[in-house]
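The values are calculated or read from the model by the stated rules, or taken from the named source; none is laboratory data. On a predicted model such as this, the values are computed, not experimentally measured, just so you know. No Cβ is skipped: glycine too gets one built from the backbone with ideal geometry, and neighbour counts run over all protein chains shown. These area figures cover heavy atoms from the full protein model, side chains too; ligands, DNA and RNA do not enter into them. Shrake-Rupley method; radii C 1.70, N 1.55, O 1.52, S 1.80 Å.
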Amino acid sequence: MTDTTIAYLPFDGDADGAMISTTADTNKFFRALVRGEILAPAQLAEMQRTVEVPADHGAPPGTHDGLGLDWTPLSCGGGYWGHSGDGFGYLVWPATTSDGRSAVTVSLHSRPGDEGTAVRQIGDVTALVDHALCSFRGGGTP
């Protein structure tokens, strides 16, 4: 018998696919981050200085990218901070309102190989996040 498995290396999803956590801990981390409980104010401000993501990038319209944080607008006004990631067989989409009061992390056990299906999946995930956070009326601006 020959072992043909390879060790998992997080090269598939780049650095954003390398975090290992539970959804509850991911929510706790992002809430503490945006509340200023982890970094000095100047460091957090640098992370939150953003540029608009081009429309052809696949992010929801109006998304802005910062240094390790993305800001995405909500349909109910305001927006959320997060940084999604994926790897072999999973996708994680954390989202925290600008005040850190509300957070949700969607974790999926699959990532479609078909591009059209993957685009629909991201659309469904972002709609779920939008619905969850709008239920709590989160917000903020980039």
Given the condition surrounded by 16 or more Cβ atoms within 10 Å (Cβ to Cβ), in a loop (DSSP other than H, G, I, E, B) and β-branched (Val, Ile, Thr), answer yes or no: does some residue in segment 99-107 qualify?
no
Residues (in contact (Cβ under 8 Å) with a residue 24 or more places away in the chain, within 19 Å of His131 (Cβ to Cβ) and open to solvent by less than 30 Å² (accessible area, probe 1.4 Å)) located in segment 21-67
Thr26, Phe30, Pro60
Could you tell me how many of the residues in segment 116-138 are loosely packed, with under 14 Cβ neighbours inside 10 Å, within 20 Å of Gly58 (Cβ to Cβ) and small (Gly, Ala, Ser)?
3
Scan segment 59-70 and give yes if some residue there is among the hydroxyl-bearing types (Ser, Thr, Tyr) and more than 10 Å from the chain's Cα centre (by Cα), otherwise no.
yes
Can you name the number of the only condition in (1) open to solvent by 20 Å² or more (accessible area, probe 1.4 Å); (2) under 13 Å from the mean Cα position of the chain (by Cα); (3) modelled with pLDDT of 95 or more that Ser84 fails?
(3)
Confirm whether Trp93 is at pLDDT below 95 and assigned to a strand (DSSP E or B).
yes
Can you say whether Asp70 is open to solvent by 90 Å² or more (accessible area, probe 1.4 Å) and either modelled with pLDDT under 80 or closer than 23 Å to Ile122 by Cβ (or both), as far as the supplied structure shows?
no
Anything in segment 22-57 that is among the charged types (D, E, K, R) and assigned to a helix (DSSP H, G or I)? List them, or say none.
Asp25, Lys28, Arg31, Glu46, Asp56
Among the residues of segment 58-87, which ones are in a loop (DSSP other than H, G, I, E, B) and out of contact with any Pro (no Cβ under 9 Å at 6 or more places or on another chain)?
Gly58, Ala59, Leu67, Gly68, Leu69, Leu74, Ser75, Cys76, Gly77, Gly78
